[in-house]
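J.: Dumping the structure here so I can ask a few things about it.
Computed from the coordinates by the stated procedures, all read-outs in this text should not be read as laboratory data. Computed from a predicted structure; not experimentally measured. Heads up, the Cβs are rebuilt from the backbone with ideal geometry, glycines too, and the neighbour counts pull from every protein chain shown.
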Amino acid sequence: MKKSNTLFVCILLTMCFTSQLAAQSGMALTLQAGTLGAELGFVKTLNPKLNARLGVSYMTYSYSGDSEGEDPVAYNVDMNLFSVGLLVDYHPFENTFRLTGGLLFNNNIFEASAEAVNTYEYDEGTYTPEDIGVLNGKVKPGLPISPYIGFGIGNPVSSDKKLGFYLDLGILYTGSPAVELEADPDTMIYPTADQDKQVEEDLSGIQIYPVLEIGLSYQL
């Protein structure tokens with residue numbers, strides 16, 4: 001009976017000690033989803049008010065269709081999101097509210113293609129979609145290393161709770177987008193590919209990318 005009681009006490013003490021170590025480990029994992037894609041993150045406490053965070057985000061999405069009207073155009077859009085962020089979370093009140101700043105390696109790329117659907121007659125000539133050709137475009141961030149600033153809710157290393165809610169809301173400064181247009185030189189649409197600088201100028205005002213990420217945290 002004494003051995004059983006001793007074993008029970010040892011197990012209880014071990015569980016308490018392990019739980020205390022976990023609570024003080026200062027490390028956690030986060031899993032979020034939002035405008036940067038699906039993100040897996042790692043959080044390490046620096047002091048009661050500061051945490052360092054490393055996150056990797058990824059998502060792909062494709063959409064294709066035909067435009068409406070007398071001259072329909074078949075188009076395809078591909079969104080490829082990939083970023084790696086190194087952030088610092090500041091908890092001014094030592095609770096779940098935080099201010100966040102840092103840098104993201106930003107490889108978020110948007111690609112699109114467009115081509116004619118119908119055959120056209122112009123100036124006594126007949127032109128097929130193959131004659132007109134395909135216009136391909138790519139839009140990349142102007143700043144591959146993009147600064148981020150925002151705020152959020154959640155501090156997975158501040159208590160002994162294993163699971164927690166995690167929210168990020170902020171802006172990513174990407175700079176003026178870089179645009180590339182390409183087309184087959186033997187097609188009618190080829191001269192349009194020289195308009196990439198004009199498209200860049202038209203898009204130059206879009207330099208902010210909104211960030212909204214919602215998910216869970218798990219303390220190690």
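J.: Given 0.36 nm per residue, what is the gain on full extension from GLU94 to ASP202 after removing their alpha carbon distance, in nm?
T.: Net length gain for the segment: 34.4 nm.
J.: Further question: Per residue, how big is the convex hull around the C-alpha atoms of the chain? Give it to me in cubic angstrom, could you? Don't skip to the end; give the middle numbers.
T.: Numbers: hull volume 35.8 nm³, N = 220.
Hull volume normalised by residue count: 163 Å³.
J.: Moving on. With r defined as the distance between the Cβ atoms of ASP184 and ALA33 and R0 fixed at 30 Å, what FRET efficiency is calculated, to the nearest 0.05?
T.: Between ASP184 and ALA33 the formula returns 0.20.
J.: Across the range 26-219, how many lysine pairs, 8 or more apart or on two chains, come within less than 29 Å at their alpha-carbon atoms?
T.: 6
J.: Can you compute 3J(HN,Hα) from phi for each residue in the range 192-197, using the Karplus curve 6.51 cos²θ - 1.76 cosθ + 1.60 with θ = phi - 60°, rounded to whole Hz and x for Gly and Pro?
T.: With the stated coefficients, the range 192-197 comes to 5, 5, 7, 8, 4, 5 Hz.
J.: Taking Cα pairs under 8 Å and at least six residues apart, what relative contact order does the chain come out at, in percent?
T.: Relative contact order of the chain: 21 percent.
J.: A further question follows. Which value at 222 nm does the chain reach when only helices count, each DSSP H run of 4 or more adding -39,500 (n - 2.57), with the total divided by all residues and rounded to the nearest 500 deg cm²/dmol?
T.: Numbers: 3 runs with 33 residues, N = 220.
Calculated at 222 nm, the ellipticity per residue is -4500 deg cm²/dmol.
J.: Per residue, what volume in Å³ does the Cα convex hull of the range 18-92 take up?
T.: It comes to 120 Å³ per residue, whole-number rounded.
J.: So how tilted is helix 2-23 from the main axis of the chain? Cα-based, degrees 0 to 90, rounded to 10.
T.: Approximately 40 degrees, to the nearest ten.
J.: Between GLU130 and PHE105, what FRET efficiency comes out of the Förster formula 1/(1 + (r/R0)^6) with R0 = 35 Å and r the beta carbon distance, rounded to 0.05?
T.: For R0 = 35 Å, the calculated efficiency reads 0.30.
J.: While we're on this one: I want to make sure I understand the PRE zone here: with the label point 7 angstrom from the Cα of LYS44 toward its beta carbon, which residues in the range 144-172 have backbone N atoms less than 20 Å away?
T.: Only 155-159 pass the distance filter.
J.: Then there is this: Fully extended, how many nm does the chain gain between ASN118 and ILE171 (0.36 nm per residue separation, minus their Cα-Cα distance)?
T.: Stretched out fully, the ASN118 to ILE171 stretch lengthens by 14.9 nm.
J.: For a Förster distance of 25 Å, can you work out the FRET efficiency between the beta-carbons of ILE214 and ASN76, rounded to the nearest 0.05? Let's see the in-between values first.
T.: Values: r = 29 Å, r/R0 = 1.18.
E between ILE214 and ASN76, to the nearest 0.05, is 0.25.
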